[in-house]
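A.B. asks: Sharing a structure with you now.
Laboratory data are not the source of any read-out in this text; all were calculated from the coordinates shown. If you're wondering where the values come from, they're calculated on a predicted model, not measured in any experiment. Here Cβ is always computed from backbone atoms with ideal geometry, including for glycine, and neighbour counts include all displayed protein chains.
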Amino acid sequence: MKAIVVHKFGGPEELKLEEIPTPKPAAGQVLVRIHGAGVNPYDTYMRAGTYAVKPPLPYTPGSDGAGVIEAVGDRVKKVKPGDRVYTAKTLTGAYAEYALALEEQVHSLPQKISFGQGAGVWVPYGTAYHALYHSAKAHAGETVLVHGASGGVGSAAVQMGRAIGLTVLGTAGTQKGLDLAKREGAHAVFDHSKAGYQEDILKATGGRGVDIILEMLANVNLAADLKLLATNGRVIIIGNRGEITINPRDLMLRRASARGFTLWGITPSEESEIHAGLIAGLENGSLRPVVGKEMPLAEAARAHKEILEPGAAGKIVLIP
Ligand code: NAP
């Protein structure tokens, strides 16, 4: 099969398209014919060797794939050949024509969701779900600022926030991104590349502030975020690429909190709740993954460059 293989940590040019043996499922494992592989920012940190988790080399990147079960090993009960699935992690990597996964790493992909969309389910929607439900403990009627609403996690959070009765404010840095956030359900949108946009956000809440901020770039925004919070507000740190100085008094004055998480650290019971919630939302149409761009697998290096550039507009998906 064709697969992207990384032999040493480094730049995007380390993503090599190679012919490697198709794996065979052992007991408890399944083989998925991958029709779409989602590109996530952490894939680039892992390839660069700067991520907390360093896979043994050589490795094939990708936790998020969607496709059809090709074969199953002994004792597999949950799925059978021909079933449509999305993956939440794999054993051999989703940037490939086939990926081996544990039975519990594959989940039913509703018929109305395309494979391209299915490739954008796990990390973006799992993160948005964990942020809103487990971390922020959002309640209908609250206001959420999705700070970075044009990308994979942000567009998922906008749809989810809207579906559960939140007032959703979203930010993006381009007109295309602003349009996307609005289209996916944001009540109001703001351009985070324009000076003074935080004042417009505060004005939009009548000066009260927002209850929840889902933050995609904490090293740039956290200090200003704390001043946008209502009493008992919570900033949930999802994305961060460096250090920042904050004034803790901004938290004290508002009885506010800032907390972070990584999706890799969630508990098995949180994970099963997440999949149940996501599958229900995909089935009932409230969750509709936005595919911004599809590229052939061979262009994985270009995908890794583009995912880190400004101007996000949904997911980048590789097609093996
Ligand atoms: P993505 O699809 O590349 O989107 C990036 C988002 O960040 C876009 O909406 C982008 O907006 C926005 N952004 C850029 N500059 C910003 C600024 N100054 N203020 C606010 N937002 C800004 O990435 P993603 O998959 O959504 O992931 C977002 C971040 O969360 C990444 O850093 C990723 O590593 C992290 N993440 C963490 C977890 C976790 O477990 N904690 C899980 C998933 C993702 P424009 O392009 O429109 O400017």
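A.B. asks: Starting from a Cα-only point model with no solvent, please compute log10 I(q)/I(0) by Debye for the stretch 76-153 at q = 0.25 1/Å.
C.D. replies: -1.25
A.B. asks: Tell me the label-point distance for the pair A223, E104, using the 7 Å Cα-to-Cβ offset, in nm and rounded to one decimal.
C.D. replies: Spacing of the two 7 Å Cα→Cβ label points: 4.4 nm.
A.B. asks: Something else now. Around L318, what is the net charge, scoring Lys/Arg as +1 and Asp/Glu as -1 over all other residues with Cβ under 12 Å from its Cβ? Walk me through the numbers on the way to the answer.
C.D. replies: On the way: positive: K2, K293, R302, K315; negative: D43, D64, E97, E294, E299, E306.
Here the count lands on -2.
A.B. asks: Let me ask something else about it. Considering only DSSP beta bridges where both residues belong to the chain, give the percentage that are antiparallel (nearest 5).
C.D. replies: Among the beta bridges of the chain, antiparallel pairing accounts for roughly 50 percent.
A.B. asks: For T22 and S272, calculate 0.36 nm times their separation in residues minus their Cα-Cα distance, and state this gained length in nm to one decimal.
C.D. replies: Working: separation 250, 0.36 × 250 = 90.00 nm, distance 2.90 nm.
Between T22 and S272, full extension yields 87.1 nm more.
A.B. asks: Looking at the stretch 38-191 from every direction and averaging, what is the projected area of its Cα convex hull in nm²? Display every interim value, and only then the final one.
C.D. replies: Values: hull surface 43.1 nm².
Here the figure is 10.8 nm², rounded to one decimal.
A.B. asks: Right, next: Hey, can you grab everything whose amide H is under 5 Å from the amide H of V189? Only 5+ residues off in sequence or another chain; H modelled, so Pro and N-termini drop out.
C.D. replies: G170
A.B. asks: While we're here: Set the Förster distance to 22 Å, then compute FRET efficiency between R302 and T174 from the Cβ-Cβ distance, nearest 0.05.
C.D. replies: Numbers: r = 19 Å, r/R0 = 0.86.
Computed FRET efficiency for R302 and T174: 0.70.
A.B. asks: Could you tell me how many cubic angstrom of Cα convex hull volume the stretch 217-320 has per residue? Show your work: numbers first, answer last.
C.D. replies: Numbers: hull volume 17.4 nm³, N = 104.
Looking at the stretch 217-320, the number lands at 167 Å³ per residue.
A.B. asks: Let me ask another. Can you compute the helix-only [θ] at 222 nm over the chain? Use -39500 (n - 2.57) per DSSP H run of at least 4 residues, normalise by all residues, nearest 500 deg cm²/dmol. Spell out each step's value before the answer.
C.D. replies: Values: 10 runs with 88 residues, N = 320.
When only DSSP H runs of four or more count, the value is -7500 deg cm²/dmol.
A.B. asks: So if R0 is 22 Å, what FRET efficiency would A163 and R259 give, r being the distance between their Cβ atoms, rounded to the nearest 0.05?
C.D. replies: Values: r = 23 Å, r/R0 = 1.04.
For R0 = 22 Å, the calculated efficiency reads 0.45.
A.B. asks: For the chain, take the longest principal axis of its alpha carbons; what is the angle in degrees between that and the long axis of helix 268-284, to the nearest 10 within 0 to 90?
C.D. replies: Approximately 90 degrees, to the nearest ten.
A.B. asks: Can I ask one more? Between A230 and residues 5 or more places away or on another chain, which pairs have amide H atoms under 5 Å apart, with H built 1.01 Å from N, and which residues are they?
C.D. replies: V210, D211
A.B. asks: A119: net charge of surrounding residues, Cβ under 11 Å, Lys/Arg +1, Asp/Glu -1, itself excluded? Before the final figure, lay out the partial values.
C.D. replies: Details: positive: K315; negative: D64, E294.
Summing Lys and Arg as +1 and Asp and Glu as -1 gives -1.
A.B. asks: Once the other residues with Cβ under 14 Å from the Cβ of T245 are scored (Lys, Arg +1; Asp, Glu -1), what is the net sum?
C.D. replies: Details: positive: K227, R249; negative: D225, E243, D250.
With Lys, Arg at +1 and Asp, Glu at -1, the neighbours total -1.
A.B. asks: Moving to a separate point now. Between I246 and K203, 0.36 nm times their residue separation minus their Cα-Cα distance comes to what?
C.D. replies: On the way: separation 43, 0.36 × 43 = 15.48 nm, distance 2.24 nm.
Full extension from I246 to K203 adds 13.2 nm.
A.B. asks: Can you give me the Rg/Rh ratio for the stretch 120-222, using Cα atoms for both radii and the Kirkwood formula for Rh? Intermediate results must be reported in sequence, preceding the final value.
C.D. replies: Working: Rg = 12.3 Å, Rh = 13.2 Å.
Answer for the stretch 120-222: 0.93.
A.B. asks: Based on a Kirkwood Rh over C-alpha pairs, give the Stokes-Einstein translational diffusion coefficient of the chain at 4 °C and viscosity 1.567 mPa s in µm²/s. Don't jump to the answer; show the numbers that get you there.
C.D. replies: Working: Rh = 19.9 Å.
In µm²/s, the coefficient rounds to 65.
A.B. asks: Using R₀ = 51 Å, calculate the FRET efficiency as 1/(1 + (r/R₀)^6) where r is the Cβ-Cβ separation of R75 and R288; round to 0.05. Numbers along the way, then the final one.
C.D. replies: Values: r = 35 Å, r/R0 = 0.69.
It comes to 0.90.
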